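First up is the structure itself, then whatever we jot down about it.
The values are calculated or read from the model by the stated rules, or taken from the named source; none is laboratory data. These numbers come from a predicted model, not from an experiment. Note: ideal-geometry Cβ built from the backbone for every residue, glycine included; neighbour counts use all protein chains shown.
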Amino acid sequence: MPAVRPTALLAMALTAAAPPSAGTPVSFLACPVAQDTGPDSDLCFFVEHDGQRYSLTNPVDYASAQLHHQVLVEGRVNDGPAPCGGLSVEGRFSVMPEIDPACDRIVPATPGMAYGPNAVSAERKAAASAMLARVEADPALSIRPIYKDAAPEPAPTPPFLPRNLAVYYPFDSDRGSLGDMIALMALVRYAQATHAHVTIRATRGQSRLDDGRLLSEAPGLARQRADKLRHIITGLGLDPARLTTDFDEGPAMAGGWPSRRGDIRVEPANRGR
Amino acid sequence: MTSTSRLRLWPTTALIGAIACLSASIALSRPAPPDGAPRRPGAVGDTAGQVPAQTRQAQAVADTAPRGDGYGAADPSWWAPGEQRTMPAMADYADPSGRMQVLNADGPLASKGHPFFTPLGANGRACVTCHQPENGMGLSVATIDRRWAETQGKDPLFAAIDGSNCPSLPQGERASHALLLDRGLFRIFLPWPPRAADGTPIQPEFTIAVVSDPTTCNTDPTYGLHSANPMVSVFRRPRPLANTKYLTQLPHGVPPHEAFFYNDKSLLPKDPQTGQFVSLQLMADGREPTLRTQALEAAMTHLQASRKPTARQLDRIVAFERQIYAAQGVDGVAGALTGNGAPPGLGAASLRDGAPAWLGNNPVNKVFGSFAMWAKPASGESPAQSERRQSIVRGAELYYSRRFIIQDVGAYNDKGIGNPFKRSCASGCHNTLMMGMDLAPGFMDLGLNNLPWSNNRPDLPLFEITCSPTARPQAYLGRHIYTHDPGRALITGKCFDVGATMTQQLRALAGRAPYFANGSARSLRELVDFYDRRFNIGYAEQEKQDLVHFLEVL
């Protein structure tokens, strides 16, 4: 059998099916592929499914793809740019916790090819050069932090309205995202400042794949998520007496990624007027 | 895989044993928490959860080896416990690369009666025994070997409790102290199952079995896994007690990690005294949250104190540790590392004056600052000096900018950065300005402890870890792992933590070989070789030399 180069195979596969239109829902498991983007830039990730290449770039932090693990892709195809040479998906990616040794492919960079936002832009390179010139003039700057701590948040002012936060989770995990945890810290500060009562309600989810399979999260995960949120919120300083925790082991019937969540509601003691 | 005496300790068995042990009344035991309360590691008051069990073992070991007096006088570089000396505001000590600086920011310090320099327990050791100024407040294997020769093995440094491979071995024989003499490793004995902050057992997610143990301590009927006080013995290097403001400050500029672990977004532990979050950068396994609790554990275990140090003693130890800085001051070839025209990040004074806990991975703030002033020969330099300085510049550039693929590092690649991930040393794991450890606190399995990546270490115990089918697996090794040291998992009981340890500072390296938590690298060259192999970087010979020259001046 004649040798066939992987790139040729990929090209054949990509011509086999028409790309799904924007808005098409997708839900599938696949091995991520790491795409090198050159010596001075990071890698990006994509998956191949049903003859299509989907980008896994710019995910919520916990969803950064990992070789040796399948990724659960859930969302809708959008018609934005195609980073990493694949269709972009608006939704969530989940790194599956179990090891899959078959997911072990790194594609070398093709010289001259642009891979999207992960590549270092000319603007960033120019800004870096300007900063380096400053350091060259004054080397002591190189050990003085150029960034500053963020200014303290101003105290909230009336009216003190209820606030909500939905923390979404990867499949079979209680790890919140970096962005959600920053938002949660702000929410707890608000709850403390307004003497609010806080309610947590966590669920475990279920996802229907395009091939008909049903994936359910592990029993007990809703409680685990609720307990972890409770520990975080009280650890950040909220009086446990002002906190109510609830969970639903359901699972939510095939609700997809939105069904893997913890909802936090803050009800201030009064509107402050 | 060689399989010798294979002992498996199931958590339930261990729990029963541990609970039975807890019935023994000891000064450090505390009441159990209410039913259903979460069990997490940490400390209550001054004492972390594992300390009562450790104390029982430490108290059970009689220090029977003959001890000598006055050895310090014969060796002016060695600080012997109880000696009356004055530590100057700035001292320097010869090391294999030149001279190391040790700076007391609060000025000269008299050791007389100071608890850091005073034996607090039965074996004659003090804190200074394992945190020697000449080694940048750490302890090099060269110093250990010298003490062995000078004292015929009678220095308290070689105390049976942890200065030998196991207390049950014949003390005073070189073979019984082989790990300390060859690799600078002390025995760290940790209760199994792990203990929560309140001292109650944590139900671990895995079983641990001894595959082989040349030290004999994990299979020892008195000190091992099946003893009445079940313990896992692992062997680790002491971390230097200098530059601690960088280790205890919560990270700036990386929200929300001033309150959260990076890898699983759970909360950081808290200082039991202040209630504030702690960065957990002090110890390889993070078992002690603060300098104060670390000092107490060290007193009860390494020093075999029969009672807790007083609050006043702990205050003085911590105050001393907060103001001491160590860094290389002179390179034997490159010359003075401080003063006009020198790189601004070198020398102990730069550490005293530096801002702690900031990222050093942007174009302005590179971890150890600029070295550009050495890129070209300067007037007055000898050819050898110029050549070395240019090599250091090249080494810095490799450290700062040479990207390589970082793959399958447990508790790191899976923390949300992707596997693989392409970064340089400085923009990846060693990014803290002035110090070089990972700023956002987190543990990682670089591959030093777990097979298949670890260096060949037949001198260390080898454990088989079998995780529960319902536990979250170690990200790249799964639920069945062979390890020389389960690391953080011995504290948390978590499968995904197996083999993970905290990155450490990269200052004052030249005087405190060997390197890595288990002493795997006897030299900085071996350290570079490990990374080159582990991550398939492909450094050229000249690049390796440049990196070593760079690390030597830190």
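Laid out as a table, the results:
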read-out: Among the candidates A:Ala109, A:Ala151, A:Ala122, A:Ala127, residue that is over 21 Å from the mean Cα position of the chain (by Cα), within 11 Å of chain B (Cβ to nearest Cβ) and loosely packed, with under 13 Cβ neighbours inside 10 Å; value: A:Ala127
read-out: Segment B:401-427, residues that are within 17 Å of B:Gln504 (Cα to Cα) and either out of contact with any Phe, Trp or Tyr (no Cβ under 7 Å at 6 or more places or on another chain) or among the acidic types (Asp, Glu) (or both); value: B:Val409, B:Tyr412, B:Ser427
read-out: Tally, over segment A:79-88, of residues that are touching a Leu at 6+ places or on another chain (Cβ under 8 Å) and either within 14 Å of chain B (Cβ to nearest Cβ) or assigned to a strand (DSSP E or B) (or both); value: 1
read-out: Identity of the residue in segment B:351-382, assigned to a helix (DSSP H, G or I) and either at the interface with another protein chain (Cβ under 7 Å from one of its Cβ atoms) or more than 28 Å from the chain's Cα centre (by Cα) (or both), that ends up farthest from B:Pro255 (Cα to Cα); value: B:Trp374
read-out: Residues located in segment A:228-265, provided they are within 26 Å of B:Tyr262 (Cβ to Cβ), within 23 Å of the chain's Cα centre (by Cα) and surrounded by fewer than 17 Cβ atoms within 10 Å (Cβ to Cβ); value: A:His231, A:Pro258, A:Asp263
read-out: Test set (1) modelled with pLDDT under 95; (2) buried (at least 18 other Cβ atoms within 10 Å of the Cβ); (3) in a loop (DSSP other than H, G, I, E, B); (4) of a type outside the set (Asp, Glu) - A:Val135 fails condition number; value: (3)
read-out: Residues within segment B:493-510 that are among the hydroxyl-bearing types (Ser, Thr, Tyr) and out of contact with any Cys (no Cβ under 9 Å at 6 or more places or on another chain), tallied; value: 1
read-out: Wholly within segment A:16-64, strands (runs of 3 or more DSSP E) carrying at least 2 residues that are within 14 Å of chain B (Cβ to nearest Cβ) and in contact with a strand residue (DSSP E or B) (Cβ under 9 Å, 6 or more places away or on another chain); value: A:32-36, A:43-49
read-out: Filter pass, B:Gly339 being surrounded by 24 or more Cβ atoms within 10 Å (Cβ to Cβ) and either outside any strand (DSSP E or B) or free of Cβ contacts under 8 Å to residues at least 12 places away in the same chain (or both); value: no
read-out: Residue within segment B:257-265 that is within 14 Å of chain A (Cβ to nearest Cβ), hydrophobic (A, V, I, L, M, F, W, C) and in contact (Cβ under 8 Å) with a residue 60 or more places away in the chain present; value: yes
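Here is a yes/no grid of residues against (1) more than 30 Å from B:Gln101 (Cα to Cα); (2) crowded, with 24+ Cβ neighbours inside 10 Å:
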{"residue": "B:Asn218", "(1), (2)": "yes, yes"}
{"residue": "B:Pro221", "(1), (2)": "yes, no"}
{"residue": "B:Gly224", "(1), (2)": "yes, yes"}
{"residue": "B:Asn229", "(1), (2)": "yes, no"}
{"residue": "B:Val234", "(1), (2)": "yes, yes"}
{"residue": "B:Arg237", "(1), (2)": "no, yes"}
{"residue": "B:Pro240", "(1), (2)": "no, yes"}
{"residue": "B:Pro255", "(1), (2)": "yes, no"}
